[in-house]
Amino acid sequence: MSDAETPPDTTPTPGEQGEDDFEPVEVFPESTEMDLRPGADNCYKCTSCDVSCPVAEVDDEFPGPKFQGPEQWRLKRKEDASVDDSIMSCSNCMRCDDACPSGVPLSQMHNTARGEYVDEDMDKLSREYIRNRILANYGTLAELGSMFPRLTNAIMGNSLVQQINEKVLGITAEREFPAFATQTFREWWNERGGPQVRSEDKRVAYFHGCYSNYNTPEVGKAMVRVFEEFGYEVVVPKQRCSGTPMFANGMLDDAKRAAGINAENFAGLIPEGYDIIASCTSCSMSLRQEYPELFDIDGLEDISEHTYEAMEYLRIHEDLDSALADASVSEQSFAYHAPCHARNQGLDRQAVELFRDLDGVTIEDVGDSCSGISGTYGWKEEKYDKSMQIGADMFDHMEHADGNVGMTECPTCSMQMEHGTGYDIKHPLQLLEEALV
């Protein structure tokens with residue numbers, strides 16, 4: 001086992017309410033009876049979840065997480081009713097989990113309800129289903145697009161193509177499609193010959209996710225270089241998408257296949273002393289919480305217990321404050337946004353706390369509002385305006401902050417920040433690389 005063992009932690013992590021609450025549900029049971037989750041009975045209708053919901057704030061037709069969670073389960077138990085189609089308006093930000101004072105597994109209920117609705121009630125030939133399936137499987141699209149990145153970027157950046165995508169598929173033409181890198185992270189990794197540091201004691205397996213591989217390999221490179229600077233052996237197993245966009249679109253069969261492949265490639269490394277590191281907070285949330293909640297696959301519990309966000313891991317196992325005390329960077333001012341999935345893991349202040357005393361850096365937290373894009377939610381034509389309304393508070397705070405460069409750990413939040421303000425966006429790992437490597 002690595003020297004960087006997980007310290008004892010008696011505080012429940014977000015989504016972890018007790019010893020029995022991480023039991024996976026059977027999403028598509030053979031019987032018609034649905035697993036209602038005992039946690040539904042813990043809801044006493046305080047509406048804290050509804051108050052915290054960014055979608056309910058801007059969408060008068062969305063009934064909110066309390067209805068989508070415990071009330072819908074109770075209705076099914078009494079009347080065997082179908083899942084209400086409003087479940088597809090949930091953005092999967094998971095803020096309701098944080099807000100609930102009684103440990104109701106709201107996001108697990110929402111994920112399961114979306115899966116049942118898509119499986120049983122959605123027309124598989126409808127524009128909505130086809131569009132959602134494409135967005136949910138971005139990794140497949142990105143793998144194809146990255147084969148000819150310059151051509152793909154030219155085609156997807158064409159305004160006529162964007163208008164066709166909106167008319168035919170319902171993918172908004174208001175957003176610029178993210179550019180594919182001319183060299184993926186994995187291509188760079190293979191070209192450099194894999195790990196440059198070997199260690200028996202300090203070992204991590206990098207879960208880079210789709211976006212850092214195909215679109216922003218500079219984030220993955222920064223992660224590798226920073227960890228190697230601290231003496232870690234970094235390995236990069238074969239992997240599939242974490243499943244986050246699949247959960248959000250009710251494509252749970254797709255997510256289960258991806259989870260199985262990731263379990264096969266990562267779980268076996270844990271007994272060899274490797275912990276799992278993600279540079280995207282949605283990826284770490286998926287591996288930590290959603291996998292063990294939804295799927296009964298060998299290895300997922302171990303993966304959940306050994307998964308960390310990258311900077312979180314370094315703050316636990318290394319003295320980053322001392323390392324940065326003698327460091328300096330060129331003068332930079334940042335407007336930092338904490339992603340919802342960072343907040344759900346208790347990581348919302350880590351970048352501000354880490355960099356506020358770094359010589360050359362001014363960093364300002366732009367508030368606790370949701371960015372509004374929520375992965376694929378803000379890419380849907382009918383959700384675009386709502387996503388921008390949700391993000392308006394963040395945009396306003398960014399524009400009034402001293403910095404004109406944004407910072408966040410989430411790639412889709414990064415898209416929304418750039419889209420709403422025009423600012424360049426950095427990942428905290430890139431600043432850490434600049435300071436230490």
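Throughout, read-outs are computed from the coordinates displayed, never taken from laboratory work. Keep in mind that this is a model prediction, so the values were computed, not measured. Note that we place each Cβ from the backbone using ideal geometry, even for glycine, and neighbour counts take in every protein chain shown.
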Computed from the beta carbon distance with a Förster radius of 60 Å, FRET efficiency for Glu399 and Asp296 to the nearest 0.05 stands at 0.80
Counting only DSSP beta bridges fully inside the chain, the antiparallel percentage to nearest 5 is 5 percent
Note: the chain, point scatterers on Cα, Debye, no solvent; log10 I/I(0) at q = 0.06, 0.07, 0.11 Å⁻¹ equals -0.24, -0.32, -0.85
Bounding extents of segment 299-388 in its principal axis frame from Cα atoms, largest first in Å, are 50, 41, 18
Of segment 86-101, those with amide N under 17 Å from the point 7 Å along the Cα→Cβ vector of Thr47 are 96, 99-101
Over all Cα pairs of segment 38-120, the Kirkwood radius sets Rh, and Rg/Rh then becomes 0.93
The extension gain from Ala327 to Leu141, computed as 0.36 nm times the residue separation minus the Cα-Cα distance, is 62.9 nm
Looks like segment 356-413, by Cα gyration tensor root eigenvalues a ≥ b ≥ c and the a/c under 1.5 rounded cutoff (else prolate when a/b is bigger than b/c, oblate otherwise), is prolate
Under the Karplus relation with 6.51, -1.76 and 1.60 and θ = phi - 60°, whole-Hz ³J(HN,Hα) for segment 206-211, x at Gly and Pro, equal 8, 9, 7, x, 6, 5
Taking segment 191-350, the whole-percent share of alpha-carbon pairs separated by over 20 angstrom is 52 percent
Counting only residues 5 or more apart in sequence or on a different chain, those whose built amide H sits under 5 Å from that of Ile425 are Gly406
Pseudo-spin-label distance Glu382 to Glu120, built 7 Å along Cα→Cβ, given in nm, is 2.1 nm
In whole angstrom, the spacing between the Cα centers of segment 205-255 and segment 347-367 equals 24 Å
Exposed trypsin sites (Lys or Arg not before Pro) being those in a DSSP loop with at most 11 other Cβ atoms within 10 Å, the longest stretch of the chain free of them is 239-437
Exposure proxy check on Val55, Val204: fewest-to-most Cβ neighbours within 10 Å is Val55, Val204
Diffusion coefficient in µm²/s returned for segment 322-436 by Stokes-Einstein, Kirkwood Rh over C-alpha pairs, 37 °C and 0.692 mPa s, is 230 µm²/s
For segment 127-169, the dipole about the Cα centre with charges only on Cβ (Lys and Arg +1, Asp and Glu -1), to the nearest 20 debye, works out at 80 debye
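If one computes P(r) from the Cα atoms of segment 80-233, what percent of pairs lie at distances over 21 Å?
63 percent
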Residue by residue through segment 42-50, the couplings from Karplus 6.51 cos²θ - 1.76 cosθ + 1.60 with θ = phi - 60°, in Hz, x for Gly and Pro, are 7, 6, 10, 6, 6, 6, 4, 5, 5
Counting only residues 5 or more apart in sequence or on a different chain, those whose built amide H sits under 5 Å from that of Glu233 are Ser199, Lys202, Arg203, Val204
Any lysines whose Cα falls less than 25 Å from that of Lys221, other than same-chain ones fewer than 8 residues away, would be Lys202, Lys238, Lys426
Hydrodynamic radius by Kirkwood for segment 127-169, inverse mean 1/r across distinct Cα pairs, in Å, is 11.1 Å
The set of residues whose placed amide H lies less than 5 Å from the amide H of Ile363, leaving out same-chain residues fewer than 5 positions away, is Phe334
